[in-house]
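Every number here is computed from the coordinates shown, using simple stated rules; none is lab data. Everything quoted here is computed from the prediction, not taken from an experiment. Methodologically, a virtual Cβ is constructed for each residue, glycine included, from the backbone with ideal geometry; neighbour enumeration extends over all protein chains shown.
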Amino acid sequence: MKKLFILTIAITASLLFVQCKKTEVLTEEVISTEKSLGNVLAGSNWEVLTVVSVPKNVNISFSVKHPKMNFSNDYIEMKLGRDICSKHYMMSNGNITVDFASCAITNPNHQSLSDLLEGEFQYIISDNGNEMILKNNSETEVTLRRVAQLGTSTPVSTSMSINTTVQ
């Protein structure tokens with residue numbers, strides 16, 4: 001009778017262990033699938049290295065003050081020195097479609113970048129994730145480099161008390 005009882009407990013425990021393991025694996029697969037289908041660019045920051053467009057005869061290289069592109073869920077905020085531009089974008093089928101914008105631009109190079117960054121682009125991110133190329137069918141190519149972000153920290157408050165005694 002004892003052997004039957006121990007055997008029953010052993011079988012029940014092994015079945016519970018297998019069931020828990022299956023649930024963990026399934027949960028991990030769902031999470032990785034959701035991540036792969038999500039917007040991989042949201043929250044990333046990039047600086048523009050070059051803009052080349054053969055048909056428009058544009059070849060701009062930024063060497064000192066790189067324009068910045070900050071990707072949110074559906075907008076690209078472009079910080080171009082004193083110029084600022086916000087463009088709407090959507091991701092589908094491995095491509096980015098960039099359309100309407102709200103811009104205040106004075107620099108001609110920044111205007112060219114804003115004008116050329118419209119339409120459908122294929123995005124190619126390097127293996128190490130530090131560079132990205134945006135290409136479209138009309139021979140326009142924008143090369144970007146990831147900007148390392150510093151984490152935010154909690155402000156530290158300091159207080160000082162001075163005790164003075166008057167005699």
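General observations
- Ranking of Leu144, Leu7 by count of other Cβ atoms within 10 Å, fewest first: Leu7, Leu144
- Pairs of Cα atoms nearer than 8 Å and 6+ residues apart set the relative contact order; for the range 45-146 it is 28 percent.
- Efficiency of FRET from Cβ geometry, Asn137 and Thr50, R₀ 30 Å, rounded to 0.05: 0.95
- Simple spin-label estimate for Val64 and Asn93 in nanometres, 7 Å along Cα-Cβ: 4.4
- Gain upon complete extension [Ile124, Ala13; 0.36 nm per residue less C-alpha separation]: 35.1 nm
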